[in-house]
Amino acid sequence: MYAKSLPIGLPRRVVSLYLLFSLLAVSLLTAGSYFAAQSLLHNRTTGSGLAQLGRLAAALQLDRIQTGGEDAARLLQATIGGGNYAHAAVVDEAGIYLVHTDPDQVGTVSIEPEGAEILSWGSVGGLRYAGGAGQMLNEYRVPLTVSGLPTHTLRLAVAEPRLTDTLTQYGHYATLAILAPIACLALGVWALRKLTDPLSAIDRELSAIARLGHGMRPEPVGVPSAGLASIGWNRLVQHVHDLSESVPEADFESRLMAASQGDGRTRDALESLAEGVAMTDPEGRIEFANRAIAALLQSDQALEGEALLDLIGRIDPATEETFRQNRCENAVAELPVSVGDESRVLRVARGPLRSRGETPGFVWSVRDITQQKLAEASRDQFINTATHELRTPLANIKAYAETLVTCDFTDVEEQKEFCNTINAEATRLARFVDDLLSISSLEVGTLAIDRQRTDVKRLMDEAAQKVGTLMRSKSLRFEIALGEKLGDAHVDKDKILGMVVNLLGNAAKYTPEGGHVTFAVVRQEDAIKIEVRDTGVGIAPDEQARVFEKFFRSSNPAIREEVGTGLGLPLAREIAQLHRGELTLQSTLGEGSTFTVMLPLQ
Amino acid sequence: MNTVRRALVAEDNAALARVIAFSLRKAGFETTITQDGAEAWEQAQANDFNLVVTDHQMPHLTGVELTERLRGLERYALTPIVLLTAKGLELDSERLAEEYRVAALLIKPFSPSELAKLVDRLTAQPA
């Protein structure tokens, strides 16, 4: 299939080009050799012919001097006896053959052959023409001088050897001459093939990979090892194989599936997650649920097959809609649920399991965000309280100041009263800021207490001193009853001080002018008892438990009139509990309250 | 209009209630102050006020609830009502105007002189 669509790949082209150029080179070489051989043969013929001509001419001259030319015919005959000489002759001025190696020609007039090529080498000339039997004849002519005058001409004809004759002559070399180049060519092709075969294979593999459909996994195979390219390719193939072995077929989702069907490690990991993880079919029926889900739903029976959303509980229509839509995307909802007798908030997220193709299931994650929600609510509540406490005195100050500026006051007392109000509101604002600061110093590090040996009496004196001004400003009778021999205790000095000041401050705040506050501390056998009693507004029975809740503020106008963060009592109780002690309250509305702290000595 | 004009001030912040009352007195009103929504409702039933200035955030009965009840009484059908509310707890003034014909919604902190001018305009209209 591949060869059909790509008849000539790159490596094949290389081989073809090699063959083409090789053939061209051989042809050129052959042609060149042919002409060179021919020229060589011609030159050799000419050279030997001229030399022979010279020797013959000299011999003839000598003969003429010694014998008067008797031996001329014999000399000519002897000359053409060896080699390719066709004939030799001496011609007189009139062109009549005086001597000829062919006795029949003697006495005849020489006829110049037609179409002859005239040759010339200085005084020596000649003709080149086709003789009988299709052979080329080179006839060299040299004048023979008699008494210094050229009267006769010596002619010597040489048959030019034919190339074919030469080839035939050298025929036994032909086998070698033809076979050797062919063998070399074949060797070249073989060597090239050896080099290009791996490339060709790689080329095929790459084309096959390029033709793969989207998402299909390429499975390349190795090629015969030859050259760097094949080594590199084979390494790549090995790497791909290693990868596909180390990463099992599938992505996360199918591994999750595998986990649900019993792949130990992943299953263990899912089971140990604090977040609930479940997989369901498209209808939301559970196929796998980890332990966290069971714990979140407080279910001890098997969850498989149940509809997850039904297990979670009552779902409002908007949420139901969210989960009915967006089947292809992630859907998230925060669901208030009641588990047992607790109400909790669960964050339920659902995403599609894409690896399942046509009928996708879902992967769910369920997390308990109750604490987070509570913290958020606390924060919001604190901000609300704080802004209200800051805004109220500010609004009053602004209203009074503005009225003072814009109205004409006829009554000086009235004017003075306005100024007093501004002053009081500013004080209230300052007190709230102080409250905030002390609360934040208490709240920082509430998780840990730093116990130190502390002189209890000195600590309580310090607390009493801190609220002295406030007590006096409201003309309260502040009675301090510190028992004898309070001794030392291992407590967090700063936090206990903060707690006592807070309790005394509350007593002062919520006790009308002229009231009575008692601060009593006694050492009991194994504890220190701190009591703060006031004759203040008191706390209604239904609010007595709630005053320890963070941000709770009484609806009693007498209490709301005062500033408060809603954090003082909760923190005081926390400090007592951190010391393994307790903070309790007895109160009668309109009569007063008593806060009691029991601090165990060890 | 020579009869005595009477105003009800319902505001749980006592100091603010006093300065509002002061401004209204300067504008010629006789004022009654309450710091509780339920008490304001009782006062409104017992008396006949020409103007009601009420805070929204009050114990027992909110300003909007008080307004709703007042509009249920024939003699308060057209009485100008000014609602006070805190910044950040804004009420929908258009809806209030449409549904209960609340004359104005003031966001605290506001200036009493602004209130006085507003009251002048509101009580001058019928005449």
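Which of the residues belonging to region A:372-415 are more than 16 Å from B:Asn13 (Cα to Cα) and touching a strand residue (DSSP E or B) at 6+ places or on another chain (Cβ under 7 Å)?
A:Lys373
Considering only region A:81-108, state which residues are closer than 15 Å to A:Val158 by Cα, open to solvent by 30 Å² or more (accessible area, probe 1.4 Å) and either of a type in the set (A, V, I, L, M, F, W, C) or touching a residue at least 40 places away in the same chain (Cβ under 8 Å) (or both).
A:Gly83, A:Asn84, A:Tyr85, A:Ala86, A:His87
Go through region A:99-147 and give me each residue that's of a type in the set (Ser, Thr, Tyr) and either on the phi > 0 side of the Ramachandran plot or out of contact with any helix residue (DSSP H, G or I) (no Cβ under 7 Å at 6 or more places or on another chain) (or both).
A:Thr108, A:Ser110, A:Ser120, A:Ser123, A:Tyr129, A:Thr145, A:Ser147 - these are the residues of region A:99-147 that are of a type in the set (Ser, Thr, Tyr) and either on the phi > 0 side of the Ramachandran plot or out of contact with any helix residue (DSSP H, G or I) (no Cβ under 7 Å at 6 or more places or on another chain) (or both).
Just the residues that are open to solvent by less than 30 Å² (accessible area, probe 1.4 Å), touching a strand residue (DSSP E or B) at 6+ places or on another chain (Cβ under 6 Å) and in contact (Cβ under 8 Å) with a residue 24 or more places away in the chain, please, taken from region A:331-344.
A:Val337
Say we look at region B:1-15 and pick out the residues that are touching a residue at least 12 places away in the same chain (Cβ under 8 Å) and within 11 Å of chain A (Cβ to nearest Cβ); which of these is nearest to B:Ala116 (Cα to Cα)?
This residue is B:Glu11.
Output the residues belonging to region A:394-409 that are open to solvent by less than 60 Å² (accessible area, probe 1.4 Å), more than 7 Å from chain B (Cβ to nearest Cβ) and β-branched (Val, Ile, Thr).
A:Ile397
Filter the helices (runs of 4 or more DSSP H) completely within region A:490-602 down to those with at least 2 residues that are away from chain B (no Cβ under 14 Å) and open to solvent by less than 70 Å² (accessible area, probe 1.4 Å).
Per the criteria, A:493-509, A:568-578.
Hey, any hits in region B:102-110 for a residue that's open to solvent by 30 Å² or more (accessible area, probe 1.4 Å) and more than 14 Å from chain A (Cβ to nearest Cβ)?
Yes; the residues of region B:102-110 include at least one that is open to solvent by 30 Å² or more (accessible area, probe 1.4 Å) and more than 14 Å from chain A (Cβ to nearest Cβ).
With respect to B:Glu68, is the statement that it is assigned to a helix (DSSP H, G or I), within 26 Å of A:Thr392 (Cα to Cα) and open to solvent by 90 Å² or more (accessible area, probe 1.4 Å) true?
When the stated conditions are applied, B:Glu68 passes them.
How many of the residues making up region B:16-52 are open to solvent by 60 Å² or more (accessible area, probe 1.4 Å), farther than 20 Å from A:Thr421 by Cβ and among the aliphatic types (A, V, I, L, M)?
Looking only at that region, the number is 1.
Residue under question is B:Asp48, and the condition is that it be among the charged types (D, E, K, R), more than 14 Å from every other protein chain (Cβ to nearest Cβ) and in contact (Cβ under 8 Å) with a residue 12 or more places away in the chain; does it hold?
It is true that B:Asp48 is among the charged types (D, E, K, R), more than 14 Å from every other protein chain (Cβ to nearest Cβ) and in contact (Cβ under 8 Å) with a residue 12 or more places away in the chain.
Please go through region B:31-65 and give me each residue that is closer than 16 Å to B:Ala21 by Cα, not hydrophobic (A, V, I, L, M, F, W, C) and not in a helix (DSSP H, G or I), ordered by number.
Hits for region B:31-65 are B:Thr31, B:Thr32, B:Thr34, B:Gln35, B:Asp36, B:Asn50, B:Thr54, B:Asp55.
The rows are residues; the columns are (1) open to solvent by less than 40 Å² (accessible area, probe 1.4 Å); (2) of a type outside the set (A, V, I, L, M); (3) assigned to a strand (DSSP E or B); (4) more than 12 Å from every other protein chain (Cβ to nearest Cβ).
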site	(1), (2), (3), (4)
A:Trp364	yes, yes, yes, yes
A:Leu374	no, no, no, yes
A:Thr392	yes, yes, no, no
A:Glu413	no, yes, no, yes
A:Lys416	no, yes, no, yes
A:Asn420	no, yes, no, no
A:Ala430	no, no, no, yes
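The values are calculated or read from the model by the stated rules, or taken from the named source; none is laboratory data. This one's a predicted model, so the numbers in the text were calculated from it and none came from an experiment. Cβ sites come from the backbone with ideal geometry, for glycine too, and all protein chains shown count toward neighbours. Areas reflect the complete protein model, heavy atoms only, side chains present, ligands, DNA and RNA absent. Shrake-Rupley method; radii C 1.70, N 1.55, O 1.52, S 1.80 Å.
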